[in-house]
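Everything below concerns the one structure shown next.
The values are calculated or read from the model by the stated rules, or taken from the named source; none is laboratory data. Being a predicted model, the structure only gives us computed values, none of them experimental. Neighbour counts are summed over all protein chains in view; Cβ atoms, including those assigned to glycine, are modelled from backbone coordinates with ideal geometry. To get the accessible areas, we keep the full protein, side chains included, count just its heavy atoms, and leave off ligands, DNA and RNA. Shrake-Rupley method; radii C 1.70, N 1.55, O 1.52, S 1.80 Å.
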Amino acid sequence: MGASVAYHLARHGVTDVVRLEREKMLGTGSTGRNAGGVRHQFSNEANIRLSIESIRLLERFADEVGHPIDFHQDGYLFLLSSPAAVETFRRNVDLQRRLGVDVQWLDAAGARRLAPGLDAAGVMAATFCARDGIADPNGVTMGFAKAAQSAGVVIERDAEVTGIRASGGRVCAVETSRGTVETRTVVNAAGPWAGVIGRMVGADGVNVPVRPVRRHIFIAAMDGGQPAATVPSSHIMVIDFETTFYFHREGGGVLFGMGDPSETSTFDTTVQWDFLPQVIDVAVKRLPALESASISHAWAGLYEMTPDGNPIIGPAGIEGFYTVAGFSGHGFQHSPAAGRILADIVAGHDPHFDLSPFALDRFNASRVGGERYVI
Ligand SMILES: Cc1cc2nc3c(=O)[nH]c(=O)nc-3n(C[C@H](O)[C@H](O)[C@H](O)COP(=O)(O)OP(=O)(O)OC[C@H]3O[C@@H](n4cnc5c(N)ncnc54)[C@H](O)[C@@H]3O)c2cc1C
């Protein structure tokens, strides 16, 4: 998010920008730990609009941003096994189509044809969007960062934000482990740490309701003799909506994961190996080839959850302070559009986007809405 905002500010000619990063490298937070999934298939109109714009930019990334990225548009396949899920998806596919997204309905046999090796037992229906896919988080982050840097933006690594000073009702400086930056504008793009940054603002802090929640990814090494028909050869992302189990091909193996409903809020990213048997129980039912696979490695990262699963984009609590965070597990893919929108606002341009579903004050106004496809 920070790299995208910096890039889009530079496109407006705003280059008096410092991107502060606590770590020695960019992209080691949630962005460096995600599954790379990019989809149009959301339940919330504003998220679908973010996807349409973001995927358009990802498709033209090398031409527009000037750096090549790895992007496979082999589609997202959602498997639905209950009447309630089918009903929800009916409404949402209608919405997606109204917005111009080409989403298909499939039966179990159609799903199996797209994802060889899939066991579609109990699948009542499936949806598929061919322009969804898998992109490379490091390439996108570094592409935005390098383009911003060549336009004059400064990137300070190893520079931890420790405080944000305010005076006369607006921000005036950021304190870091490497000194103070005087500024009238601060963008909080700290992902799962956005709430911590909010609490640093002025004497009272700003309540940015973003909660870190640990999520795991496992990589299964398939043995070289694995027949092609037991695992999809494309990068299609398959999601079992009821269980949230998902997988896609990753190199010679398979990347997979699943939400853990018992996980509580934490910044701890230690892998919980005792969660693996629960995932495997579900996984082998959908992709039987995993039964004979070995797990080559695993990692955990942080989802940045808001109370309604939608992000916070825009002004946040005190003049000059903005937030672009809380993407609740789908922020990598929305970084192109979200960064563009935030940069427009900071640069004083109309973002041409209805930000009310993403406004910080929605949590006080108890507006209904939110995202239902948090996987
Ligand atoms: C297992 C997993 C799978 C996921 N899969 C997907 C997916 O398939 N598709 C998708 O779109 N999204 C996915 N996500 C979500 C996605 O990774 C996040 O939404 C996205 O990376 C958020 O980006 P960000 O820039 O807001 O946060 P981050 O990438 O976390 O960046 C925040 C940065 O702020 C820095 N920082 C924090 N505190 C300070 C401080 N005090 N001073 C200076 N710097 C600070 C951090 O070091 C970090 O670099 C997944 C996440 C996980 C954990």
(message) Tell me the volume per residue, in Å³, of the convex hull enclosing the alpha carbons of the range 297-375.
(response) 115 Å³
(request) With a 10 Å radius around each residue's Cβ, average the other Cβ atoms per peptide and rank 129-135, 153-159, highest first. (result) 129-135, 153-159
(request) Indicate the helices, whole DSSP H runs only, in the chain that combine a mean Kyte-Doolittle hydropathy of -0.5 or more with a Cα extent along their long axis of 18 angstrom or more. (result) 45-59, 137-150, 331-346
(request) Over all directions, average the projected area of the Cα convex hull of the range 10-90 and note it in nm². (result) 8.2 nm²
(message) With equal scatterers on the alpha carbons only and no solvent term, can you work out the Debye log10 of I(q)/I(0) for the range 171-323 at 0.10, 0.12 1/Å?
(response) -0.51, -0.66
(message) Among GLU53, GLU87, GLU175, which one shows the highest mean-square fluctuation when the chain is modelled as a Gaussian network with alpha-carbon springs under 10 Å?
(response) GLU87
(request) Work out the FRET efficiency for HIS12 and MET124 from their Cβ-Cβ distance, taking R0 = 35 Å, and round it to the nearest 0.05. (result) 0.15
(request) Report in % the part of the accessible area of the chain that belongs to carbon and sulfur, leaving out ligands and nucleic acids; probe 1.4 Å. (result) 49 percent
(request) Could you rank the peptides 299-305, 314-320, 18-24 by their average count of other C-beta atoms within 10 Å per residue, with the highest value first? (result) 299-305, 314-320, 18-24
(request) Go ahead and set up a Gaussian network model of the chain, Cα springs under 10 Å, then flag whichever of ALA148, ALA194, ALA289 fluctuates most. (result) ALA289
(message) Averaging the inverse of every distinct alpha carbon separation and then flipping it gives the Kirkwood radius. What is it for the range 114-223, in angstrom units?
(response) 18.6 Å
(request) Working from the alpha-carbon coordinates of the chain, get Rg over Rh, Rh being the Kirkwood radius. (result) 0.97
(message) Run the numbers for ARG113 and GLU263: contour at 0.36 nm per residue of separation, minus the present Cα-Cα distance, in nm.
(response) 50.5 nm
(request) Using R₀ = 30 Å, calculate the FRET efficiency as 1/(1 + (r/R₀)^6) where r is the Cβ-Cβ separation of ARG199 and ALA84; round to 0.05. (result) 0.20
(message) One quarter of the convex hull surface, Cα atoms only: what value does that give for the range 245-340 in nm²?
(response) 8.4 nm²
(request) Quote the charge dipole size of the range 66-115 about the Cα centre in Debye, to the nearest 20; the model charges only the Cβ of Lys and Arg (+1) and of Asp and Glu (-1). (result) 180 debye
(message) Taking the solvent-accessible surface of protein heavy atoms with a 1.4 Å probe, what is the per residue accessible area of the chain in Å²?
(response) 42 Å²
